[in-house]
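K.L.:
For reference, the structure I am asking about is given below.
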Amino acid sequence: MKGIEIFKKYILKKEFNFETMIFRGKFTVIKIQEKKLPYTIYDYDDKKSDLEYNITVNLNKCEWWSISNTWISPRKGFRKNKIIANKHIRVIIEKEVKSMMSILGLSTMINEIKINWLHED
């Protein structure tokens with residue numbers, strides 16, 4: 001099975017959960033774009049590949065732990081510390097997606113992960 005077929009079978013349009021001590025939520029991988037490279041990439045196991053993948057993710061739900069010891073997901077989105085929160089969520093989602101790809105043996109072929117944010121202004 002080729003890489004794009006593996007993505008479509010196991011990952012595409014499925015909802016995944018994440019939870020850390022500060023954030024928890026759900027996201028869906030909605031689009032995977034395969035791109036042919038003019039050069040060859042070698043994996044840790046000396047696997048050759050001339051493909052890379054751009055992945056688009058929808059953030060379906062996101063909550064964060066507040067000072068008042070409750071999970072909060074305001075309707076207006078991130079107000080205070082919005083940039084910091086978005087950076088942390090991006091890192092969490094990238095780790096989740098790359099760990100899924102490493103199970104399938106394709107983690108080194110991921111180029112860009114685009115996130116459609118739930119709380120955009």
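The values are calculated or read from the model by the stated rules, or taken from the named source; none is laboratory data. Quick caveat, the model's predicted, so the values are computed rather than measured. Ideal geometry is used to build each Cβ from the backbone, glycine not excepted, and the neighbour counts take in all protein chains shown.
K.L.:
Test Val29 against the stated conditions and say whether it is at pLDDT 75 or above and exposed (fewer than 13 other Cβ atoms within 10 Å of the Cβ). Write out each step before concluding.
P.N.:
Values: at pLDDT 75 or above: yes; exposed (fewer than 13 other Cβ atoms within 10 Å of the Cβ): no.
Criteria not met by Val29.
K.L.:
Scan the range 6-43 for residues that are among the hydroxyl-bearing types (Ser, Thr, Tyr) and touching a residue at least 60 places away in the same chain (Cβ under 8 Å) and report the count.
P.N.:
We begin by selecting, within the range 6-43, every residue among the hydroxyl-bearing types (Ser, Thr, Tyr); these are 10, 20, 28, 39-40, 42.
Imposing the further condition that a residue be touching a residue at least 60 places away in the same chain (Cβ under 8 Å) reduces the set to 10, 20.
Going through the range 6-43 one residue at a time, the tally reaches 2.
K.L.:
Continuing with the same structure: If you go through the range 62-104, how many residues are hydrophobic (A, V, I, L, M, F, W, C), surrounded by fewer than 17 Cβ atoms within 10 Å (Cβ to Cβ) and modelled with pLDDT of 80 or more?
P.N.:
Within the range 62-104, the subset hydrophobic (A, V, I, L, M, F, W, C) is 62, 64-65, 67, 71-72, 78, 83-85, 89, 91-93, 97, 100-101, 103-104.
Next cut, surrounded by fewer than 17 Cβ atoms within 10 Å (Cβ to Cβ) only: 65, 67, 71-72, 83-84, 91, 103-104.
Narrowing further to those that are modelled with pLDDT of 80 or more: 65, 67, 71-72, 91.
Qualifying residue count for the region: 5.
K.L.:
Which residue is modelled with the lowest pLDDT, if the candidates are limited to the range 105-121 and must be surrounded by 15 or more Cβ atoms within 10 Å (Cβ to Cβ) and over 15 Å from Asn54 (Cα atoms)? Explain how you work it out, then say what you get.
P.N.:
At the first step, the residues of the range 105-121 found to be surrounded by 15 or more Cβ atoms within 10 Å (Cβ to Cβ) are 106-110, 113, 115, 117-119.
Applying the additional criterion that residues be over 15 Å from Asn54 (Cα atoms) yields 117-119.
Numbers: Trp117: 72, Leu118: 63, His119: 51.
Result: His119.
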